[in-house]
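> Sharing a structure with you now.
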Amino acid sequence: MKRLLPLILYIAPAFVSAEPASNMVWIPETLNFVKAGDLVKGEQLAQSCVSCHGEKGISTMAMFPSLAGQTANYTYKQLNDYADGKRQNPMMSPIAESLSEKDRADLAAWFQSLPAAQNNASQEDISKAISLVDKGNGKKILPPCFVCHGSDGAGQKMDTPALAGQQAEYTKNTLLDYKNGTRHNDIYSRMRVIAAQLSDTEIKQLAEYYQQLK
Ligand code: HEC
Ligand code: HEC
């Protein structure tokens, strides 16, 4: 046993990190379930989100993300992750827990149907961001953001979120959360690996860049 102890201590952290980032599994049944989300039910349920996420899903407060125009699969996944504790936030976790899976699908469909926020061009220097979005950084093995999030920042159907029009303060904070590991619900660590290589200045610029993108 004495000899085993160091071994157990050595592999224990590996077990902790071997826990899946998310319980979401994109099987056809799940995709169809989200696709069948009911807009009328979703609109009714969304009344309780307005105080933080704004009228028609467009947030007017920097800390709260806009939800309008977000891809339904992504919204559905986030609500499930909050409910499971895979993504943690003191405001969102209890709200997500109180929703049924059907409610989450209905809400996801409703927010996807709304037009995304549109903002004025950024007055700040976003040159580093433009280069990262279009070209990435070969020296650091950083793929360009557009490969997954689209050149229009509209995301992709499966589970890649739209970023265009999002509150810059929220985007900055969530990228910092991926960077320091507070947010760890990204399957295959896709965003944690990327955010870990971004400087805080690059993160700030990327957040500004996406806020003004239409
Ligand atoms: C009391 C304020 C509050 C209310 C009410 C609220 N939210 Fe949130 N929501 C937040 C905050 C704050 C965040 C960002 C949390 C974080 O960084 O993880 C958030 C994040 C989210 C996200 C993740 C967005 C993203 O881009 O990843 C979704 C989805 C979401 N909320 C859906 C909802 C829905 C649906 C409702 C209504 C049923 C709702 N929220 C009600 C405060 C609120
Ligand atoms: C390999 C594909 C891929 C690349 C490249 C990528 N992302 Fe992501 N990104 C994702 C996925 C998938 C998610 C959703 C993860 C989850 O469920 O938390 C995500 C989530 C995000 C979020 C959270 C959005 C929200 O509403 O909370 C931000 C912000 C983001 N990415 C920014 C970027 C930036 C900036 C770059 C370029 C530096 C980038 N991403 C490159 C796949 C990618």
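> In sequence order, what are the phi-derived ³J(HN,Hα) couplings for segment 100-107 according to the Karplus relation 6.51 cos²θ - 1.76 cosθ + 1.60 with θ = phi - 60°, rounded to whole Hz, with x for glycine and proline?
These are the phi-based 3J(HN,Hα) values: 6, 4, 5, 4, 5, 5, 5, 5 Hz.
> Computed FRET efficiency, Cβ-Cβ of residue 25 and residue 89, R0 25 Å: what is it to the nearest 0.05? Display every interim value, and only then the final one.
Working: r = 23 Å, r/R0 = 0.91.
Result of the calculation: an efficiency of 0.65.
> Need the full-extension length gain, residue 141 to residue 40, defined as separation in residues times 0.36 nm minus the C-alpha distance. One decimal, nm. Walk me through the numbers before you get to the answer.
Numbers: separation 101, 0.36 × 101 = 36.36 nm, distance 4.44 nm.
So the chain would gain 31.9 nm between residue 141 and residue 40.
> Along the Cα-to-C-beta direction of residue 62, a point sits 7 Å from the Cα; which residues of segment 144-187 have their amide N less than 18 Å from that point?
Only 165-177 fall inside the zone, counting backbone N under 18 Å.
> Over segment 14-122, what is the relative contact order in percent, taking alpha-carbon pairs closer than 8 angstrom and at least six residues apart? The partial results should precede the final answer.
Values: 141 pairs, mean separation 40.9, N = 109.
Dividing the mean separation by the residue count of segment 14-122 yields 37 percent.
> So what are the radius of gyration and Dmax for the Cα set of the chain, in Å?
In order Rg, Dmax, the Cα atoms of the chain give 18.4, 65 Å.
> I've got another one for you. List the residues whose amide H sits under 5 Å from the amide H of residue 137, counting only those 5 or more places along or on another chain, with H placed 1.01 Å from N in the peptide plane.
The answer is 142.
> For segment 87-166, state what percent of all Cα-Cα pairs lands in each successive 5 Å bin, counting from 0 Å until the bin that includes the largest distance.
3, 11, 14, 19, 18, 13, 12, 8, 2, 0
> Any chance you could list P(r) for segment 98-214, counting all Cα-Cα pairs in 5 angstrom bins from zero, rounded to whole %?
So the P(r) values, bin by bin, are 2, 11, 19, 24, 20, 13, 6, 3, 1, 0.
> In what sequence, highest mean first, do 20-30, 53-63 appear when ranked by Cβ atoms within 10 angstrom? Walk me through the numbers before you get to the answer.
Numbers: 20-30: 13.1, 53-63: 16.4.
Sorting 20-30, 53-63 by mean packing, highest first, produces 53-63, 20-30.
> Under 24 Å Cα to Cα from residue 179, which lysines show up? Leave out anything in the same chain fewer than 8 places away.
The qualifying lysines are 77, 86, 128, 135, 139, 140, 204.
> Next question. Please give the direction-averaged projected area of the C-alpha convex hull for segment 62-126, in square nanometres with one decimal.
Numbers: hull surface 22.1 nm².
Hull-based average projected area comes out at 5.5 nm².
> If we count every other residue with Cβ under 12 angstrom of residue 78's Cβ, Lys/Arg +1 and Asp/Glu -1, where does the sum land?
Values: positive: 77, 86, 87, 104, 183; negative: 81, 84, 159, 186.
It works out to a net charge of +1.
Computed from the coordinates by the stated procedures, all read-outs in this text should not be read as laboratory data. All of these numbers come straight from a predicted model, not from anything done at the bench. Virtual Cβ from ideal backbone geometry, glycine too; neighbours counted across all protein chains shown.
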